[in-house]
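Everything on this sheet refers to the single structure shown next.
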């Protein structure tokens, strides 16, 4: 009997010690971690959207952690403890059935795109396996005053009426757009490059200078002879979600590149500027598109940007 008590007591002490060392003390240490530069608490609407995100199991398919690995570079810099200062619990996720959402608000800042994608992901990403969340929207005869209907492609729009987001959709999209990873000054990226957005450590001049905001020396000549297959892959990965694989965009939501004078201009300077710095309020074919185009200066190398421009 005494041996059993001794074994049970010893086991309990070992368990308590391990729990203290591996759970309690690290938790206390993490709770003292200050928020990283630029990390802000969620607004009430964004916090409500986070609850919608959790309730609908989004974290089962999407992570919110960028690992210090080359394959994660497309999602942003490696995550740091201060990034999660205002998140309880942290929605790190464990499986990437869908893409990491750490920088969702930077990679796709368009509210219109987010609503279309939420209503039916295949309307903007044909190969998507994400379920449609059309039940977060209402079909009305006409949009209420002050509400803009979701400009769905004809194949996905209801036969009658217009689609407007319900409160849950508005909250969820507000949360997704809040997912923006702030830059960490004076900290090198995990691939050894510069932490300055839009600057490639491999090339201090040329396109990198333009991305950093330095004045251009003049019109940039078209390079020609680029790798069209790689350029197409870059377009598919970075542009097709809005402009579609055929480059024709979505009427009323995202402009057609085929009809864009900037894209078809022999001088690519303005197009390069849009790719590097982003764009909003573009007028194409007499239509003004309010959805913002995100900048790609920090995400693409100089060579990638030139490949995207080759026509």
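Tabulated data for the structure shown
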{"item": "Two-site label geometry, residue 258 and residue 122: point separation in nm, points 7 Å out along Cα→Cβ", "result": "2.3"}
{"item": "Extension gain, residue 87 back to residue 130 (0.36 nm per residue minus Cα-Cα distance, nm)", "result": "13.0 nm"}
{"item": "Longest to shortest principal axis, alpha-carbon extents of the stretch 31-188, angstrom", "result": "53, 33, 27"}
{"item": "Exposure proxy order (Cβ contacts within 10 Å, fewest to most) of 113, 135", "result": "135, 113"}
{"item": "Distance from the stretch 125-143 to the stretch 32-94 (C-alpha centre basis), Å", "result": "25"}
{"item": "Kirkwood Rh (inverse of mean 1/r, distinct Cα pairs), the stretch 1-106, angstrom", "result": "16.6"}
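Every number here is computed from the coordinates shown, using simple stated rules; none is lab data. Because the structure is a prediction, the values reported are computed rather than measured. Glycine also receives a Cβ, built like all others from the backbone with ideal geometry; neighbour counts cover every protein chain displayed.
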